[in-house]
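**Q** Got a structure for you, written out below as structure tokens; questions coming shortly.
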Amino acid sequence: MNLNEQAKSIIQQSTLLSSLEKTEWLQLLPAMNEEQVAELIEILKPGAAVEMLKNAPEIPEAPKPVPQAPKPLFKPQLVDIKEKEISTSKPLYELEIPEHTTVKAPEPVIPKEQTVVVPQAPVVPAPSDPTALQQRVENIVKEMQQKNNPPKEKPSTPVVAPVAPPILKVQSKPVVAPKPKTQPEPLQLKTLEDFKKLTPAHLHGDSAAEDLQNVILSISALSSKYKPFDLVAALEQSSLYKTYLEIGTALLNDSNPDRDSAYAKVVKDMDVKGQDFLTKDEFEAFADFRKKLEQFM
């Protein structure tokens, strides 16, 4: 093992140097002469350089050259490495190595700025029966009911206003809601599958409110055989429940202030497509029925 390899091993095993200082000394070793390497070994591990020089093989003497004027030798000053760390902020190699042997540290590579393109989140359609949708459908039902039963106004003192000339207005024909074409079907709820088979035709009888009350009674009667939650879940898979949600969603998207006319237009469009639908009274009765289902949830 030559002097440089010995110095490399001592630097790596030294407890006096930090990891950064070890890296700097290892980079400077190839540029240091033998005396500087020996001096460094003596600082880090006293006695190691002398022992290594003693064990080095003897080299036969070469013919003596013509004596010349002695050149001044560079002899680094012995410095306590711990004292160096405390007294100065410069690395040790900058103080003890001549200027012509200074090795520049590699410049850090600064990555170029990258433009990050954030993909736009896809528009996710609203769930079929969220709580917000249900609440808004119920609000529509309340508006329709309030319109049919306006609050009575207190009589006030008549104010005589000047008679203005009549203004002729072009009135559009109101949309007339069609009647369901399907025949009423009797309720027969004995299994989970019966709840899944419910259709708007089951409410086309004399009283939709009574038919829906019978559905509530059937859920209570079958609660010993099935879980009420499972019965409600089966009902929500039926075409009756899906028709109710479809009408409610269409009403939300219609900005017509005349809600009766808006409802008539929605069911007329469904009738043209050949779909069964709920009349206005059936829709309002189902909205009240939907609140009663919460006791089983």
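The values are calculated or read from the model by the stated rules, or taken from the named source; none is laboratory data. In this text, all values refer to a predicted model and were calculated from it rather than measured experimentally. Here Cβ is always computed from backbone atoms with ideal geometry, including for glycine, and neighbour counts include all displayed protein chains. We work out accessible area using only protein heavy atoms, side chains counted, and drop any ligands, DNA or RNA first. Shrake-Rupley method; radii C 1.70, N 1.55, O 1.52, S 1.80 Å.
**Q** In segment 284-294, is there at least one residue being crowded, with 21+ Cβ neighbours inside 10 Å, in contact with a His (Cβ under 9 Å, 6 or more places away or on another chain) and not acidic (Asp, Glu)?
**A** Looking for residues that are crowded, with 21+ Cβ neighbours inside 10 Å, in contact with a His (Cβ under 9 Å, 6 or more places away or on another chain) and not acidic (Asp, Glu), one finds none in segment 284-294, hence no.
**Q** Among (1) closer than 19 Å to Glu138 by Cβ; (2) touching a helix residue (DSSP H, G or I) at 6+ places or on another chain (Cβ under 7 Å), where does Leu222 come up short?
**A** Going through (1) closer than 19 Å to Glu138 by Cβ; (2) touching a helix residue (DSSP H, G or I) at 6+ places or on another chain (Cβ under 7 Å) one by one, Leu222 breaks only (1).
**Q** Filter segment 193-216 down to the residues that are outside any helix (DSSP H, G or I) and either of a type in the set (A, V, I, L, M, F, W, C) or open to solvent by 40 Å² or more (accessible area, probe 1.4 Å) (or both), then identify the one that is farthest from Tyr241 (Cα to Cα).
**A** Per the stated criteria, the residue is Asp206.
**Q** Among the residues of segment 165-208, which ones are modelled with pLDDT of 85 or more and among the hydroxyl-bearing types (Ser, Thr, Tyr)?
**A** Thr182, Thr191, Thr199, Ser207
**Q** Looking at this structure, is Thr23 among the hydroxyl-bearing types (Ser, Thr, Tyr) and not in a helix (DSSP H, G or I)?
**A** no
**Q** Here is a list of conditions, (1) in contact with a helix residue (DSSP H, G or I) (Cβ under 6 Å, 6 or more places away or on another chain); (2) modelled with pLDDT under 80, and Leu28 meets all of them except one; can you say which number that is?
**A** Condition (2) is where Leu28 drops out.
**Q** Conditions first: (1) out of contact with any helix residue (DSSP H, G or I) (no Cβ under 8 Å at 6 or more places or on another chain); (2) farther than 19 Å from Arg136 by Cβ. Ser239 passes all but one, so which condition is the exception?
**A** The one condition Ser239 does not meet is (1).
**Q** Quickly run through segment 246-283 and pick out the residues that are crowded, with 18+ Cβ neighbours inside 10 Å and outside any helix (DSSP H, G or I).
**A** Residues satisfying the conditions are Phe277, Leu278, Thr279.
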